Each structure stands twice: as C-alpha cells, then as structure tokens.
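Report on one structure; see the data block that follows.
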Amino acid sequence: MLADLAAAPTPYHAVERSRALLVDAGFRPVDLAAPLPGGPGRYLATTGGTLVAWIQQAEHRGFTVVGAHTDSPNLRVRTNPDLTSAGYEQVGMEIYGGVLLNSWLDRGLGLAGRVSLTGEDGGVEERLVLDDRPLLIIPQLAIHLDRDVNSGGLKLDPQKHMIPLWSLEGAHDDGGSVGALKGHVAGLLDIDPARIVAWDLMAFDTQAPAVIGRHGELFSSGRIDNLLSSFCAIHALRRVVEDGATPQRTPVLALYDHEEVGSESATGAAGAYLASLLERIAAAEGADRAAFLAALHRSIVVSADGAHATHPNYVERHEPSHKIRLNHGVVVKRHANQRYATDAISEGFMVEACRAEELPLQFYLHRNDLPCGSTIGPITAARLAVPTVDIGAPQLAMHSARETAGVADIDYLARTLAAAWRHDP
C-alpha cells in the first residue's frame, strides 16, 4: 500500500497505477468511444483522473458498486505561474479543495500532473510528468516577526501566503522567454517548450510514506484521503478475481476525480459518467433500458472514503458515544441530514456482509454542533436512486499534507470491500 501511495502524487498517476494493477489481474482496457464488448469478461475504462472497472456477467442482475475518489486537497499550478518577490522566484498556486494550509509549510514539495502537447499530426497529446525532487518550499514566518502566533493561532491568507519559492531571482536563466516553469516542464519531458499547450500540475509532499509508531502499527503519508480507499478497492477487486468468486450482481469499481471540490465535472460523481456506463454494461449483458432501470433497484453502492478517528488531543470534538479507534476495523458513517448516505437498509447490507466474513465494524456519527463533511455517497445515491452505504478506514489529520492511519486497517478495508462484492443477499 505504501508503494501505491508513493506512486500516485496526482489523480492521473493514481489512475495509471490502478490501471497497471488491474491489467495485471486480467482486466482489459476498453475505448468508451467504441461499443463495449459483449459477453462475460473483466474490463476497465479511464478518463483523466477517473477509472471504472467491472466484471461483466452473462446475465444482468444489477450492480454492486464500490466508489472512491482519486483527488486530494492540494496546491495547483496557475496558468501564468512565474512570479518574483524580494529577490525570489516563486510559482503561483491555486488552492484546490479544503486544504489544511499550515500543513504545507516548511516542506519540500515536488511537482507532478499531466501536460497537453501539440502532437505531430496536429492533434493534442497527453503526457504525465513527475519531478519528485524537493523543488518548492513555503517558508513560515519566523516567530520573531509574529510573536502572537502560538497564543493567537496561525492565520494564513491563501492568496498571499501560500506561494512557494523555488529559486533566487537571476540565479539561472533556464526558462528564457517561455517562462521558468514551462521551461522546467519541457526539460522533464525532453521536448520543445513550444509544444506545451496546457497543464494540470500540482505540488505534493516529497517525504515518502512511512510506517511509524512504537510497534510499527501506524503509517503516515500524503493523500490517505482518499487513495487508501482507492487502492484498497483495487486490491479487493483483484482478490475477488483470484478467489474465483461468482457474485450474481455485476461488481463495479468507480474511482472518481474532483470529489474534494464537489464532484461537479465530466469525470466527477455528480456527472453522467457512471450512470451512462452502467447502462452500457447492462446492455452488453443483454438488458434493455427497462430491465436496466429495474435492476438498479436490486443494486447497492458502497462509498469508501476516509473516516475521522477520535483524536487523543481533541476528544471533545467527537461525538462521545461514537468513539473511533485506529486498527479496529472499517467505519460505517451515518448522518441524519444526509451528509452520508447510509440508512438502515444499506447499513444492514454492510453489517451482514462483514458478519459473514467475521470482519469488525465501527460506527461514526458527527457532533450536532459541528458542520459535517460529505462524500460521493449522497451524490451517487441521488443520481442512481440506489441504496448507498458510506464507509471508510479511520484516520487522523484529514486534509493535511500528511495524514495518519492504522496499518491493520489497510487489510480490514480491502477485505471489507471484497466482502461487499461477494455478498449476495
């Protein structure tokens, strides 16, 4: 798992890694612009930071969908990124999602993402780029210049204070008229900078994921939310294949992009990506539209996203009757106001699936006096009208540049997701 997290500094790299793992398990990539293959088989489709994989059946009897997301809150490079101030060269950044800003200070940051290039045939070519050296840093203001920081709290302006530096002004002239950042990216790709049309580039913490704790029972990494769920789902689907399980409902895995900013995109959970693909899968399994719509009422969705573990230094921020512990199993999340989609029916499905395989569950509810985050669960439930259960592995420091979770919960989550795919109530 740590190797998976390290290999995926962006949603695009997460999809590339996931695709390779699934192809190794016999999944065949398909072109969504062409008809889907007919008959049983294992298939996958990718678009940008989104991946859908499924085990096609001989007959359509509904779906068991496991959903997660590949994006994490971070800093993303602006279109015109080259800035200078007080003798430093800086890279202009845009805040993506609910970033815990202070966690990005004083860290060595790398750059990664995707780049659009002018192709030789006049079209546009997409290339992934990765520089895992500590290129960038956002130095915090010294305490001598902010004497109240420890008593009054750190206050960061996302427009002014989150601009990393990466060189001294005039130290090098590697960008020329094309700009320092574009020149750097062109050098990484070994291309003429004039070929670069656009980019989706982002910063990431270059410190490697690591097992920590007195007995090695914890691990720390960037992007645990929500790549832990994504890769556990990938390995769970591989386990279903290896076990030779034959569930009646079609197993589907949907890894979306853009969850951290609301999912309203062409490749997000609030779009038509999954619904249209599910209908095409049903048609490939011999169902017409009426049969597909009827089968949705025999389907279930499992939304897998991080869950808040009870923080030892802030116990009062958690619901006292629903304490959550690391390494004690997957968490079922409920919220009366539908920030999570779990209800009695979908929770019952999850409880029975885990009971059949002797897997532990914990149950999370949020405090009434604090606003609650959300997931793709309610969005997917609304788009498909399918019972949905929100679950996830517990973690600390959600949305930090570096989060913490339990080692044992990696296996618990993978086994729980495999149990959901195998369970035919």
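The values are calculated or read from the model by the stated rules, or taken from the named source; none is laboratory data. Because the structure is predicted, anything quoted here is derived from the model rather than measured. Note that each Cβ is placed from the backbone with ideal geometry, even for glycine, and that neighbours are counted across all protein chains shown. Just the protein is used for accessible areas: all its heavy atoms, side chains included, with ligands, DNA and RNA removed. Shrake-Rupley method; radii C 1.70, N 1.55, O 1.52, S 1.80 Å.
What to note about this one:
- Taken about its Cα centre, the stretch 1-155 carries a charge dipole of about 420 debye when Lys and Arg each add +1 at the Cβ and Asp and Glu each add -1 at the Cβ.
- Shape analysis of the stretch 193-266 places it in the oblate category; the axes a ≥ b ≥ c from the Cα gyration tensor give an a/c of at least 1.5, with a/b not above b/c.
- Candidates 199, 54, 166, ranked by Gaussian network fluctuation over the chain, Cα under 10 Å, top entry: 166
- Accessible surface of residue 215, taken over heavy atoms with a 1.4 Å probe and every protein chain present, rounds to 140 Å².
- Compared with the direct C-alpha span, the chain from residue 148 to residue 248 gains 29.8 nm at full extension, assuming 0.36 nm per residue.
- Computed per residue of the chain from DSSP H runs no shorter than four, each worth -39500 (n - 2.57), the mean residue ellipticity at 222 nm is -8000 deg cm²/dmol.
- A simple spin-label model places pseudo-atoms 7 Å from Cα toward Cβ; at residue 355 and residue 264 they are separated by 4.1 nm.
- Ordering of 385-397, 407-419 by packing [mean C-beta count within 10 Å, highest first]: 385-397, 407-419
- In the stretch 81-153, Cα pairs under 8 Å separated by at least six residues give a relative contact order of 25 percent.
- Surface accessible to a 1.4 Å probe, residue 204 within the full protein complex, Å²: 20
- Under the combined filter of DSSP loop state and at most 11 neighbouring Cβ atoms within 10 Å, the stretch 311-403 retains these chymotrypsin sites (Phe, Trp or Tyr not before Pro): 314.
- Cβ-defined net charge surrounding residue 239, 14 Å radius [Lys, Arg +1; Asp, Glu -1]: -1
- Dipole magnitude for the chain: about 980 debye, using +1 per Lys or Arg Cβ and -1 per Asp or Glu Cβ, origin at the Cα centre.
- Where 42, 422, 325 fall by accessible area, highest first, once all protein chains stay in place (1.4 Å): 325, 42, 422
- Global form of the chain, assessed from the alpha-carbon gyration tensor, a/c cut-off 1.5: oblate
- Remark: the chain carries 44 Å² of accessible area per residue (probe radius 1.4 Å; ligands, DNA and RNA excluded).
- Given their separation in residues at 0.36 nm each and the Cα-Cα distance between them, residue 118 and residue 133 gain 2.7 nm when the chain is fully extended.
- Shape category assigned to the stretch 323-384 from the gyration tensor of Cα positions, a/c cut at 1.5: oblate
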